[in-house]
Amino acid sequence: MQNPFGNGNNDDNNNNNNDNNDPRNLIPIPPNFATVVNKKTGQIRIAKVGLSFTALFFQFLVPVFRSDWYNFFCMLGVEVIAGMGLSMYYQQPFNVTWTLAEYALGFLWLFIYNMMYFKHLFKLGYVPADQRSKELLVNAHYLKDDGDDSQD
């Protein structure tokens with residue numbers, strides 16, 4: 001398949017000689033996306049590294065789209081607490097302050113949601129699938145560099 005993203009993965013030879021377990025052979029991945037794999041289950045997750053504009057517009061629904069229930073409940077809890085706090089401070093109805101808190105926190109989620117997502121995946125046992133993903137995650141400070149650059 002010709003890679004439309006131009007990141008050097010133009011593997012047009014899709015015969016049985018390729019390693020079918022290599023995540024890089026599945027689909028072409030944009031240069032700002034990282035691939036992580038769970039060594040126990042073999043599940044592969046691909047997500048963007050950097051700003052999350054979907055989190056800006058859809059707030060706590062983004063974790064639902066990704067089946068990331070831990071971060072869904074964290075984000076929902078923060079938004080409810082912020083809405084309740086604003087409701088008590090301004091003495092306005094909760095539905096008014098909820099909307100205000102949701103829009104304000106949308107900018108927070110823009111900057112930190114993708115990091116929250118990857119850090120939770122690392123706690124679940126996911127590791128970078130390839131060297132490019134590892135370098136991308138280390139450069140974005142989502143993953144600590146362990147100093148071991150050798151890949152088996």
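The values are calculated or read from the model by the stated rules, or taken from the named source; none is laboratory data. Since we're looking at a predicted model, the values are computed, not measured. A quick note on method: Cβ atoms are made from the backbone with ideal geometry, for glycine too, and the neighbour counts reach across all protein chains shown.
Brief remarks follow.
- Of everything listed in (1) in contact (Cβ under 8 Å) with a residue 24 or more places away in the chain; (2) over 24 Å from residue 38 (Cβ atoms); (3) outside any helix (DSSP H, G or I), the single unmet condition for residue 50 is (2).
- Going through (1) of a type in the set (S, T, N, Q); (2) modelled with pLDDT under 90; (3) surrounded by 15 or more Cβ atoms within 10 Å (Cβ to Cβ); (4) closer than 15 Å to residue 58 by Cβ one by one, residue 99 falls short only on (3).
- Among (1) at negative phi; (2) assigned to a helix (DSSP H, G or I); (3) in contact (Cβ under 8 Å) with a residue 24 or more places away in the chain - the single one residue 73 does not satisfy: (3)
- Of the set (1) surrounded by fewer than 15 Cβ atoms within 10 Å (Cβ to Cβ); (2) assigned to a strand (DSSP E or B), all apply to residue 67 but (2).
- The selection criterion, being within 14 Å of the chain's Cα centre (by Cα) and either at pLDDT 80 or above or not hydroxyl-bearing (Ser, Thr, Tyr) (or both), holds for residue 54.
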